[in-house]
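Have a look at the structure below before the remarks.
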Amino acid sequence: MKQFLFLPLCFLLILFSSMQHVNAQSKEQDELIQKSKKAKQAFIETDAPMKSLFENAYGYVIFPSIGKGAAGVGGAKGNGVLFEKGKAVGTAKMVQVSVGLQLGGQSYREVIFFENKTAIDRFKQSKLEFAGQASAVAARSGASADVKYRDGVLVFTEEKEGLMLEASIGGQKFTYTAF
C-alpha cells in the first residue's frame with residue numbers, strides 16, 4: 001500500500017516543482033518585457049522622432065540595461081526582448097568583448113531596429129554580429145531624424161550612468177531564444 005501511494009506522491013512533487021520553475025521563468029520574462037517597454041519610452045523621450053522608427057520597423061530588440069566594464073580589456077553583457085510587429089516573441093542576450101585603451105564602467109540601453117523579415121531572421125538565427133563599435137548612434141534629441149538602415153539594421157544606444165574612457169575595437173554577439 002505504501003508503494004502505491006509513493007509513486008503518485010513523487011509524480012505530484014515533480015509536477016509541482018516543474019510548475020514553479022515555469023512560473024519563475026515567466027515572471028523573469030515579464031519583468032524583462034516591462035523593463036524593455038520602459039526603455040522604449042526613455043528612447044522616445046530622448047528623441048521623439050524615434051517613435052516612428054518603433055512604429056514602422058519590422059521588429060526591434062531592446063536591451064534595457066547593459067553593463068560594461070574595462071581596464072585594457074573590456075566586456076559588456078545584457079539581456080533584452082525581441083519584438084516582431086509590436087509583439088514580444090523572445091529573449092535575447094548580448095555579449096561584447098573589446099581591446100584597447102579603455103578604463104571605467106558604465107550602464108547603457110540599446111535598441112536594434114530591423115527593417116525587414118530578412119534582417120530579423122538573421123538575428124533570430126544568431127547570425128547578427130557587430131565588429132567595431134561605430135555602428136551605433138548615440139540617442140539624443142533629433143538623432144533619429146536622418147538615420148538610414150545598413151544591411152536592414154539600425155542601432156541606437158543611450159548611456160544611463162557611469163564613465164567610460166575608451167579608444168578600442170571589439171564586437172558584439174547576440175543569441176536569441178523564442179518564448
Inspect all residues belonging to the range 11-32 and state whether any of them is touching a Ser or Thr at 6+ places or on another chain (Cβ under 9 Å) and modelled with pLDDT of 95 or more. yes
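One line per residue, one yes/no per condition, for (1) modelled with pLDDT under 90; (2) of a type outside the set (A, V, I, L, M, F, W, C); (3) closer than 17 Å to residue 50 by Cα:
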{"site": "92", "(1), (2), (3)": "no, no, no"}
{"site": "99", "(1), (2), (3)": "yes, no, no"}
{"site": "117", "(1), (2), (3)": "no, yes, no"}
{"site": "121", "(1), (2), (3)": "no, yes, no"}
{"site": "124", "(1), (2), (3)": "no, yes, no"}
{"site": "131", "(1), (2), (3)": "yes, no, no"}
{"site": "138", "(1), (2), (3)": "yes, no, yes"}
{"site": "144", "(1), (2), (3)": "yes, yes, yes"}
{"site": "159", "(1), (2), (3)": "yes, yes, yes"}
In this structure, is residue 63 aromatic (Phe, Trp, Tyr), in contact (Cβ under 8 Å) with a residue 12 or more places away in the chain and over 19 Å from residue 122 (Cα atoms)? no
Given the structure, is residue 112 part of a helix (DSSP H, G or I), touching a strand residue (DSSP E or B) at 6+ places or on another chain (Cβ under 6 Å) and either under 17 Å from residue 78 (Cβ atoms) or at pLDDT 90 or above (or both)? no
Those residues of the range 76-109 which are touching a residue at least 12 places away in the same chain (Cβ under 8 Å) and not in a strand (DSSP E or B), in sequence order: 85
Can you tell me which residue is surrounded by the fewest Cβ atoms within 10 Å (Cβ to Cβ) among those in the range 35-75 that are assigned to a helix (DSSP H, G or I) and of a type in the set (D, E, K, R)? 55
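The values are calculated or read from the model by the stated rules, or taken from the named source; none is laboratory data. Nothing here was measured: the structure is a model prediction, and the numbers come from that model. Note that we place each Cβ from the backbone using ideal geometry, even for glycine, and neighbour counts take in every protein chain shown.
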